[in-house]
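A short write-up of the structure that comes next.
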Amino acid sequence: MLQALSLGLGFSLGLQWVLWAAAAFFQTEKFYDLAGSGTFILLSHLTLHWGGARYLRPKIQTGLITVWGLRLGTFLFMRILRDGQDRRFNGVRENPGTFFIYWTMQGIWIFVTLLPSLILNLEKHDKPLGLRDYFGWSLWIVGFLTQAIADHQKLIFKSDPDNAGKFIHSGLWAYSRHPNYLGEILQWSGLFISASSILSGFQYVSIISPLFVWFLLNYVSGIPILEKQAMKRWGSNVAFQNYIKETPVLWPFIHTQ
């Protein structure tokens with residue numbers, strides 16, 4: 001299994017490096033997120049094939065990852081085509097070396113996030129489906145719907161000319177300032193829980209997947225960046241100040257700051 005996992009990591013990184021070369025040549029980030037989602041799907045199906053695709057649990061798990069990747073990848077790709085650029089890459093897309101780091105980190109992110117499902121797909125033994133599986137997949141459904149609804153609500157909000165220059169604080173955004181990220185965390189947590197039905201020994205290290213997603217979004221590339229941008233844009237707005245005071249950063253009804 002370790003050899004197969006190493007091959008999986010090599011595939012994830014290798015594909016990102018090939019795509020980096022094209023992105024650096026054209027100085028574009030327009031297919032960065034689409035490439036990430038696509039790699040999630042490809043690597044999941046590749047390891048399912050390596051494992052023999054003999055059991056129902058990994059097939060369901062891989063199917064859920066495919067649904068997630070298709071929806072989010074398409075959504076993000078359409079968004080960047082509409083917006084024209086991703087501000088995360090300002091000053092980056094013109095610098096091949098820095099751009100390479102971004103693509104490399106994406107390859108590592110994909111592998112680490114997928115780790116429980118990769119192990120599940122490669123595992124040679126199986127157990128009957130149980131409550132842990134159904135709970136994990138139910139949590140994934142809640143997360144998927146949360147993320148999809150939040151993305152749709154924000155899209156509709158931004159599409160209304162009357163909302164130009166305003167911040168969204170309706171729908172799911174009234175309960176969390178980042179419900180889309182909440183959905184992301186719930187989905188990968190659910191997939192770890194279902195995969196844990198067959199984990200043993202060193203395989204439990206794959207709990208790093210949901211912890212990594214939570215840490216990355218909460219402290220590195222997600223919430224901190226958006227919160228800083230929001231404060232710069234609406235920090236002096238009384239309504240926004242009240243929104244921050246009354247609405248939790250991530251978890252509904254749980255104020256952490």
Verdict on Trp214 being part of a helix (DSSP H, G or I) and within 28 Å of Trp109 (Cα to Cα): yes
Cβ pairs under 6 Å, 6+ apart, first in the stretch 39-53 and under 14 Å from Ile119 (Cβ atoms) and of a type in the set (Ser, Thr, Tyr), second at pLDDT 95 or above and assigned to a helix (DSSP H, G or I): Ser44/Thr62; Ser44/Ile65; Thr47/Gly8; Thr47/Leu118; Thr47/Asn121; Thr47/Leu122
Residues of the stretch 49-87 that turn out to be open to solvent by 50 Å² or more (accessible area, probe 1.4 Å), over 25 Å from His125 (Cα atoms) and outside any helix (DSSP H, G or I), as a count: 1
Residue that is surrounded by the most Cβ atoms within 10 Å (Cβ to Cβ) [pool: residues in the stretch 204-224 that are within 27 Å of Asn90 (Cβ to Cβ) and among the aliphatic types (A, V, I, L, M)]: Val213
Per-region count, the stretch 158-187, residues open to solvent by 50 Å² or more (accessible area, probe 1.4 Å) and free of Cβ contacts under 8 Å to residues at least 24 places away in the same chain: 8
Residue that is nearest to Leu9 (Cα to Cα), among those in the stretch 124-157 that are part of a loop (DSSP other than H, G, I, E, B) and open to solvent by 40 Å² or more (accessible area, probe 1.4 Å): Lys124
Lone unmet requirement of (1) in contact with a Leu (Cβ under 6 Å, 6 or more places away or on another chain); (2) farther than 19 Å from Trp140 by Cα for Trp173: (1)
Hits in the stretch 225-251 (condition: open to solvent by 50 Å² or more (accessible area, probe 1.4 Å) and under 30 Å from Trp109 (Cα atoms)): Ile225, Leu226, Lys228, Gln229, Met231, Lys232, Arg233, Trp251
Pairs where the first residue, in the stretch 241-255, is part of a helix (DSSP H, G or I) and the second is not basic (Lys, Arg), C-beta under 8 Å, 6+ apart: Gln241/Gly235; Tyr243/Phe167; Tyr243/His169
Hits in the stretch 124-141 (condition: under 22 Å from Gly201 (Cβ atoms) and without any contact (Cβ under 8 Å) to a residue 12 or more places away in the chain): Pro128
Filter result for Arg233 (assigned to a helix (DSSP H, G or I) and basic (Lys, Arg)): yes
Neighbours by Cβ (under 7 Å, 6+ apart or cross-chain): first from the stretch 69-85, within 19 Å of Leu145 (Cβ to Cβ); second among the β-branched types (Val, Ile, Thr) and in a helix (DSSP H, G or I): Gly69/Ile41
Failed item, numbered, when Gly201 is tested on (1) open to solvent by 50 Å² or more (accessible area, probe 1.4 Å); (2) touching a Lys or Arg at 6+ places or on another chain (Cβ under 9 Å); (3) at positive phi: (2)
Members of the stretch 88-123 that are in contact (Cβ under 8 Å) with a residue 60 or more places away in the chain, part of a helix (DSSP H, G or I) and open to solvent by 40 Å² or more (accessible area, probe 1.4 Å): Arg88, Pro96, Phe100, Tyr102, Ile108, Trp109
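The values are calculated or read from the model by the stated rules, or taken from the named source; none is laboratory data. What you see is a predicted model; the values in this text were computed from it and never measured. Cβ: placed from backbone, ideal geometry, glycine included. Neighbour counts: every protein chain shown. Calculation scope for accessible area: heavy atoms of the full protein, side chains included, ligands and nucleic acids excluded. Shrake-Rupley method; radii C 1.70, N 1.55, O 1.52, S 1.80 Å.
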